1. Condition (residue is under 22 Å from Arg2 (Cα atoms), among the aliphatic types (A, V, I, L, M) and assigned to a helix (DSSP H, G or I)) applied to segment 141-158: is it met by at least one residue?
2. Within segment 194-221, how many residues turn out to be over 30 Å from Asp166 (Cβ atoms) and either within 15 Å of the chain's Cα centre (by Cα) or of a type outside the set (Ser, Thr, Tyr) (or both)?
3. Looking at the structure I just gave you, is Thr283 surrounded by fewer than 21 Cβ atoms within 10 Å (Cβ to Cβ) and within 19 Å of the chain's Cα centre (by Cα)?
4. Under the condition of being in contact (Cβ under 8 Å) with a residue 12 or more places away in the chain and over 14 Å from the mean Cα position of the chain (by Cα), which residue from segment 145-160 is surrounded by the most Cβ atoms within 10 Å (Cβ to Cβ)?
5. Suppose we filter Ala284, Ala213, Ala239, Ala272 for residues that are farther than 22 Å from Asp189 by Cα and part of a helix (DSSP H, G or I); which single one remains?
6. Is it the case that some residue within segment 101-111 is small (Gly, Ala, Ser), buried (at least 17 other Cβ atoms within 10 Å of the Cβ) and assigned to a helix (DSSP H, G or I)?
7. For segment 243-280, give me each residue that is within 20 Å of the chain's Cα centre (by Cα) and polar (S, T, N, Q).
8. Report the residue count in segment 129-140 for those that are in a strand (DSSP E or B) and either of a type in the set (Phe, Trp, Tyr) or touching a helix residue (DSSP H, G or I) at 6+ places or on another chain (Cβ under 7 Å) (or both).
Amino acid sequence: MRLGPFDPNNIRVRRGEGGGMGLPIGGAGGLGCGTIILAAIAYFVFGADPMQFLGGNQASDQSGYSQAGFQPQGNESAAQICSENQYATEACNALSSLNTTWKAAFQQANVPWHQPELVFYQGGTRSGCGAAQSSMGPFYCPQDESIYIDTSFYDEMARKLGAKGDFARYYVIAHEYGHHVQKLTGVADQIASAQQQDPANANRYQVMMELQADCYAGVWAGKNRNLIEPGDFEEGMTAASAIGDDTLEKNAGEAVNPETFTHGTSAQRMQALRTGMQSGDDTACDKYVQQA
């Protein structure tokens, strides 16, 4: 996908502080074996929201988070951080494009919009949702409206999942940005409320939310189809297939159990991404959360 160069005036980027260890602290009463397994294989999951492993989006932060602890280190500018390596530049290119695309969509719908922040870190950091490790994979934290990523994940994604190519990497950021869209539109609160009222089906509601985020990632690509290159669609489908809950559980040596699904099957994720790309219309993604 022919993105860039990023506009440093159109993005909010910072470097996360190091030293974060353990899982985010949330409001769940206890962790079952299945939950621990899901947390472990989140290393391979695009859009892994660590809060889902601790009881869903309603988890509260007890990590001692403060906004003052998240200022850029030294005098680094967005341009400097984004130019650190190829993956960082790609992520910033994607963020700049996502901001432009979604800002226009929100303005057209007459809905208030503001951009998220992209946080690069290595190994571990602290977020508004608690401590985070790179083994969780990229995630969006609704508390501080930030997308967190350790870009070394991309190498593991290519090596262990076979999900290669720049579009596969753009899909990661676009999916997380989809969660920001859900935060701004109120869908995230809607899902959290449904999970609280119907905890027995909390995972089913989470799947709805994740599939809509996949669809939103496709919408962004569809709205920029003039930038799509040969092979991009195939890269996206390969990535979506590789990260389905059923495929991940099989590859982890676990029995496929739909009750533990939190992101959807490979077929569902591929279809959601395809729906967004082919339509280029965010309203086409409403169907995924209409039953919440």
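The values are calculated or read from the model by the stated rules, or taken from the named source; none is laboratory data. Because the structure is predicted, anything quoted here is derived from the model rather than measured. Every residue, glycine among them, receives a Cβ derived from its backbone with ideal geometry; neighbour counts consider all protein chains shown.
1. The answer is yes, given that some residue of segment 141-158 is under 22 Å from Arg2 (Cα atoms), among the aliphatic types (A, V, I, L, M) and assigned to a helix (DSSP H, G or I).
2. Within segment 194-221, the first condition is being over 30 Å from Asp166 (Cβ atoms), and the residues that meet it are 194-205.
Subset that is either within 15 Å of the chain's Cα centre (by Cα) or of a type outside the set (Ser, Thr, Tyr) (or both): 194-204.
Of the residues in segment 194-221, 11 are over 30 Å from Asp166 (Cβ atoms) and either within 15 Å of the chain's Cα centre (by Cα) or of a type outside the set (Ser, Thr, Tyr) (or both).
3. Working: surrounded by fewer than 21 Cβ atoms within 10 Å (Cβ to Cβ): yes; within 19 Å of the chain's Cα centre (by Cα): no.
Answer is no for this residue.
4. Residues of segment 145-160 in contact (Cβ under 8 Å) with a residue 12 or more places away in the chain: 145-154, 156-157, 160.
Those still in the list that are over 14 Å from the mean Cα position of the chain (by Cα) too: 152, 156-157, 160.
Details: Ser152: 12, Glu156: 16, Met157: 23, Lys160: 12.
In this case the residue turns out to be Met157.
5. Numbers: Ala284 fails: farther than 22 Å from Asp189 by Cα; Ala213 fails: farther than 22 Å from Asp189 by Cα; Ala272 fails: farther than 22 Å from Asp189 by Cα.
Matching residue, one of Ala284, Ala213, Ala239, Ala272: Ala239.
6. Going through segment 101-111, the residues small (Gly, Ala, Ser) turn out to be 104-105, 109.
Right, trim to buried (at least 17 other Cβ atoms within 10 Å of the Cβ) and you get 105.
Now drop any that are not assigned to a helix (DSSP H, G or I), which leaves 105.
Within segment 101-111, one or more residues are small (Gly, Ala, Ser), buried (at least 17 other Cβ atoms within 10 Å of the Cβ) and assigned to a helix (DSSP H, G or I).
7. So the first thing to find is which residues in segment 243-280 are within 20 Å of the chain's Cα centre (by Cα), and the list is 243-249, 260-277, 280.
Across segment 243-280, the qualifying residues are Thr247, Thr260, Thr262, Thr265, Ser266, Gln268, Gln271, Thr275.
8. Of all residues in segment 129-140, those in a strand (DSSP E or B) come to 130-133, 139-140.
Still in the list and also either of a type in the set (Phe, Trp, Tyr) or touching a helix residue (DSSP H, G or I) at 6+ places or on another chain (Cβ under 7 Å) (or both): 132, 139-140.
Going through segment 129-140 one residue at a time, the tally reaches 3.
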